[in-house]
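Colleague: This structure is in structure tokens; I'll ask about it shortly.
Readers should treat all values here as calculations from the given coordinates under stated rules, not as data from a laboratory. From a predicted model like this one, the values you see are computed outputs, not experimental measurements. Neighbour counts are summed over all protein chains in view; Cβ atoms, including those assigned to glycine, are modelled from backbone coordinates with ideal geometry.
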Amino acid sequence: MRVGTADGYDRFVIEFDGPVPQYTITPQDSSSFMGDASGQTLQLGGSRGLKVVVHNSSARSLSGTQTYSGSNDFKPGYQALKEARNVGDFERTYSWGLGVDGSGCFHAFTLTGADRLVIDIKST
């Protein structure tokens, strides 16, 4: 996972070891998320949110080995992307909450080579 910013948008990227699995991105009117499995309410920065759910994916391999050891909570404080936090990794469903400000307009796409899901959030 990584975050970045450019002229007109902020970016959240998930990189995969193989093809990008199916995913859903759901806009929401608040930056409050329910943690998968725990049911705990997680309040992220920003005034609204995007819930990113990657199906048949995890930060652990099927044998239980950790495959992602980076941050689970980014707080870049960019113009649009205020926070990106892992909100669930349960039963091969890997979820991230993005706390955003502004319109919440986004564009998602995938890239190959290094297989990635890229989410650009409009910042201006």
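Colleague: I want the local charge near Leu81. Using Cβ-Cβ distances under 12 Å, sum +1 for each Lys or Arg and -1 for each Asp or Glu among the other residues.
Modeller: That works out to +3.
Colleague: Would you pull out the residues with amide H under 5 Å of Met34's amide H, same chain only if 5 or more places away, H placed 1.01 Å from N?
Modeller: Leu42
Colleague: If you don't mind, there's one more thing I want to ask. Between Arg2 and Thr41, what length in nm is gained on full extension when 0.36 nm per residue of separation is reduced by their alpha carbon distance?
Modeller: 11.7 nm
Colleague: What list of ³J(HN,Hα) couplings, whole Hz, do you get for segment 77-85 from phi and the Karplus terms 6.51, -1.76, 1.60, once you set θ to phi - 60° and write x for glycine and proline?
Modeller: x, 5, 4, 9, 7, 8, 7, 10, 9
Colleague: Leu62: net charge of surrounding residues, Cβ under 15 Å, Lys/Arg +1, Asp/Glu -1, itself excluded?
Modeller: Local net charge: -1.
Colleague: Per the Cauchy relation, a quarter of the hull surface: what is the mean projected area of the convex hull of the alpha carbons in segment 2-122, in nm²?
Modeller: The Cα convex hull of segment 2-122, projected and averaged over all directions, gives 7.1 nm².
Colleague: Now for a separate question. Output ³J(HN,Hα) for segment 40-50: one whole-Hz value per residue in order, computed from phi by the Karplus curve 6.51 cos²θ - 1.76 cosθ + 1.60 with θ = phi - 60°, and x for Gly and Pro.
Modeller: Values, residue by residue: 5, 7, 10, 9, 9, x, x, 9, 8, x, 10 Hz.
Colleague: Cut-off is 10 Å between beta-carbons; in what order do Ile121, Ile25, Ile14 appear when sorted fewest neighbours first?
Modeller: On the way: Ile121 26, Ile25 15, Ile14 22.
Ranked by crowding around the Cβ, least crowded first: Ile25, Ile14, Ile121.
Colleague: Also: Magnitude of the Cβ-charge dipole of the chain, K/R +1 and D/E -1, about the Cα centre, nearest 20 debye?
Modeller: Numbers: 11 positive and 13 negative charges, 15 e Å.
Approximately 80 debye in magnitude.
Colleague: So, one more: Tell me the trypsin sites (Lys or Arg not before Pro) within segment 57-124 that lie in a loop according to DSSP and have at most 14 other beta-carbon atoms within 10 Å. It would help to have the intermediate numbers written out before the result.
Modeller: Details: sites: Arg60, Lys82, Arg85, Arg92, Arg116, Lys122; in loops: Arg92.
Taking segment 57-124 and a limit of 14 other Cβ atoms within 10 Å, the loop trypsin sites (Lys or Arg not before Pro) found are Arg92.
Colleague: A follow-up question, please. Got the relative contact order for the chain handy, in percent, Cα pairs under 8 Å and 6 or more residues apart?
Modeller: 32 percent
Colleague: Going by amide H atoms built from the backbone, whose H comes under 5 Å of the H on Ser57, apart from near neighbours?
Modeller: Result for Ser57 returns Thr93, Tyr94.
Colleague: Turning to a different aspect of this structure: Whole-Hz Karplus ³J(HN,Hα) for segment 16-21, in order, using 6.51 cos²θ - 1.76 cosθ + 1.60 and θ = phi - 60°, x for Gly and Pro?
Modeller: 10, 7, x, x, 5, x
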